[in-house]
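Trainee: Let me give you the structure first, and then I'll get to my questions.
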């Protein structure tokens, strides 16, 4: 009887444990996910939404730098004290992008004195966006140890930017990531176009700004994917003036270049882009006005 | 007294086992975000190539096509590595097609390159590319089975085009 009672209790324990841990048997840790309740046995899959990617501010700054653009006026950067006025999550996300770009600017163009200031600002904003693991005390220590090395500073800044993007993707915060990307891109165009200043016909650097039409097309699609988000919709409205200027960029069709040269694949696009003087000046005004709005300056 | 202890123990085990069960539930939206970093790789390390943030991973079913639009700048070298979870492929090859976005001209089809999972080029005129990663089709899933999903990644690197010689 005693033994039967023991067996009974053991049986009850096993049943309770078994039911309690019963979860989706097809789940595994890591990157394999199953349990799709929308089983499509018909064999016809809905097309997946496309991903529209935007080059990071460091890609654009390096591209500009490699083509002779000197961004030399540190006074153009967004003031570090402005962080106090960004209250909504949208303002914080956009200005995280803006300050990231300012940091790339400082790192790439050798404004060492300002690098630490901008890292501290990014640390503050990352904490407020729930991205505390992105700019840590260890990151600041690495910056301090590498203040004399431009390349290292640019790399660390890239890591911070990418880490912020990864975290937002993992948390499925697409709209916040989109706003961060917009902030970064607007600041890039603002700083580089202001540094160019006066329009020159056939100028390499003016043409690089015109080429951003390629990025604008992806940016429009990225924002459209989050059009249901009120903050993204509001931001898109603000960008429309700049987008309209890019619609007027002059396009010259060239022979697309796709060939193998000495075993190396060489590819070039089928269009080149340029601004008229009027359009470039319109962009200068529009981007300055937009940036003023976004930074609350 | 002993019965009470036993009931408390069983209740405790029940609570713990539920907690463990919840910890194994995976949010469908998050598992692939870093897949391309951990799983896609290049056969060789080449000088000066750095991670390009236009890299991307996503969650796909067998037979699906993942599409990625990227911008490449004039005067830069680019390379891509493509990868997918083995269970998505079931021993077959995935196919990669790359188009110029403007003209929709097919620039590259891995089917003609033995389903090579790497692609590299020098960019002579800035270009917007559409990259399609096409997963192999498999038999339809029986109605009483869940459909398999896994990660697909595109790792992108870039550098300023090198000038060789003295």
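Every read-out reported here was derived from the displayed coordinates using simple, explicitly stated rules and does not represent laboratory data. Since we're looking at a predicted model, the values are computed, not measured. A quick note on method: Cβ atoms are made from the backbone with ideal geometry, for glycine too, and the neighbour counts reach across all protein chains shown.
Trainee: Being in contact (Cβ under 8 Å) with a residue 12 or more places away in the chain and either within 7 Å of another protein chain (Cβ to nearest Cβ) or within 14 Å of residue B:83 (Cβ to Cβ) (or both) is the filter here, so list the residues in region B:137-156 that pass it.
Mentor: Matches in region B:137-156: B:147, B:148, B:149, B:150, B:151, B:152, B:153, B:154, B:155, B:156.
Trainee: If you don't mind, another one. Determine which single condition residue A:145 fails, assuming it passes every other condition in (1) within 20 Å of the chain's Cα centre (by Cα); (2) surrounded by fewer than 20 Cβ atoms within 10 Å (Cβ to Cβ); (3) away from chain B (no Cβ under 14 Å).
Mentor: (1)
Trainee: In region A:226-274, what residues are outside any strand (DSSP E or B), buried (at least 17 other Cβ atoms within 10 Å of the Cβ) and within 14 Å of chain B (Cβ to nearest Cβ)?
Mentor: Scanning region A:226-274 gives A:246, A:249, A:256, A:269, A:270.
Trainee: I've got another one for you. Within region A:49-71, which residues are assigned to a loop (DSSP other than H, G, I, E, B), closer than 16 Å to residue B:124 by Cα and more than 8 Å from chain B (Cβ to nearest Cβ)?
Mentor: Matches in region A:49-71: none.
Trainee: OK, next. What is the one condition in (1) in a helix (DSSP H, G or I); (2) within 14 Å of chain B (Cβ to nearest Cβ); (3) within 22 Å of residue A:58 (Cβ to Cβ) that residue A:186 does not satisfy?
Mentor: Of the numbered conditions (1) in a helix (DSSP H, G or I); (2) within 14 Å of chain B (Cβ to nearest Cβ); (3) within 22 Å of residue A:58 (Cβ to Cβ), the odd one out for residue A:186 is (2).
Trainee: Output the number of residues of region B:78-97 satisfying the condition of being in contact with a strand residue (DSSP E or B) (Cβ under 8 Å, 6 or more places away or on another chain), more than 9 Å from every other protein chain (Cβ to nearest Cβ) and surrounded by fewer than 21 Cβ atoms within 10 Å (Cβ to Cβ).
Mentor: So the count comes out to 5.
Trainee: Something else: Restricting to region A:145-176, name every residue that is in contact with a helix residue (DSSP H, G or I) (Cβ under 7 Å, 6 or more places away or on another chain), without any contact (Cβ under 8 Å) to a residue 60 or more places away in the chain and outside any loop (DSSP other than H, G, I, E, B).
Mentor: If the condition is that a residue be in contact with a helix residue (DSSP H, G or I) (Cβ under 7 Å, 6 or more places away or on another chain), without any contact (Cβ under 8 Å) to a residue 60 or more places away in the chain and outside any loop (DSSP other than H, G, I, E, B), then A:150, A:153, A:156, A:165, A:168, A:169, A:175 are the ones that fit.
Trainee: Being over 23 Å from the mean Cα position of the chain (by Cα) and under 30 Å from residue A:255 (Cα atoms) is the filter here, so list the residues in region B:123-166 that pass it.
Mentor: Correct list: B:123, B:124, B:125, B:126, B:160, B:161, B:162, B:163, B:164, B:165.
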